[in-house]
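For reference, the structure is listed below as structure tokens.
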Amino acid sequence: MCLNQRLRRRVLIENRIEYMGKKGWGFVNLEDVVPGQLIGEYCGELINDNEKQRRLESDYIDNENFYLLDIEKDLTIDATKKGGVTRFINHSCDPNAKAEKWTVDGVERIGIFAIKHIPSGSEVTFDYDFKRVGLKEQKCYCGSANCRGILGRRKEQKLSRDESSSSSSSS
């Protein structure tokens with residue numbers, strides 16, 4: 001079955017939701033997944049930017065667990081209250097899956113696809129490409145070797161003594 005048909009029929013790999021410590025709940029596949037395979041669709045309530053901002057400033061102000069995924073300008077999927085199990089796919093700086101926008105029957109949908117082989121029993125993750133809202137940074141708990149430490153910020157590289165002295169002298 002082609003990927004478009006899988007999204008149309010909302011085919012989802014076998015999975016379970018499991019507690020992942022500091023990361024909270026996570027999505028674990030129960031079958032081997034190959035690169036390019038559809039893991040599932042990211043579903044939820046479609047909201048515009050005004051409603052997203054309202055929810056961030058009131059409904060989710062003291063909540064670290066909300067599930068917003070921007071599709072395009074002025075269109076966001078909010079899976080917090082009305083979402084499928086793929087909302088439990090955690091962030092990783094070294095992910096094994098990615099989110100892709102697809103048009104199915106004229107409707108924009110988000111599929112989660114494997115980008116590498118994922119053995120059965122593994123946690124599925126993708127890079128949220130997080131845009132921070134507000135001043136509070138959100139710590140990353142992915143634990144990968146290339147972890148950026150904070151969602152939405154690239155890991156800072158240390159300058160060598162030569163680079164730091166040349167950059168300070170040029171200012």
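The values are calculated or read from the model by the stated rules, or taken from the named source; none is laboratory data. Quantities reported herein were computed from a predicted structural model and do not represent experimental measurements. Positions of Cβ are backbone-derived with ideal geometry, glycine not excepted, and every protein chain shown enters the neighbour counts. To get the accessible areas, we keep the full protein, side chains included, count just its heavy atoms, and leave off ligands, DNA and RNA. Shrake-Rupley method; radii C 1.70, N 1.55, O 1.52, S 1.80 Å.
Scan segment 65-77 and give yes if some residue there is out of contact with any Phe, Trp or Tyr (no Cβ under 7 Å at 6 or more places or on another chain), exposed (fewer than 14 other Cβ atoms within 10 Å of the Cβ), touching a residue at least 40 places away in the same chain (Cβ under 8 Å) and closer than 13 Å to Ile39 by Cβ, otherwise no.
no
Do you know which residues across segment 78-118 are farther than 29 Å from Ala145 by Cβ, in a strand (DSSP E or B) and touching a residue at least 40 places away in the same chain (Cβ under 8 Å)?
Trp102, Val104, Arg109 - these are the residues of segment 78-118 that are farther than 29 Å from Ala145 by Cβ, in a strand (DSSP E or B) and touching a residue at least 40 places away in the same chain (Cβ under 8 Å).
Quick check on Asp94: is it open to solvent by 50 Å² or more (accessible area, probe 1.4 Å) and either within 20 Å of Val34 (Cα to Cα) or at pLDDT 90 or above (or both)?
Here the answer is yes, as Asp94 does meet what is asked.
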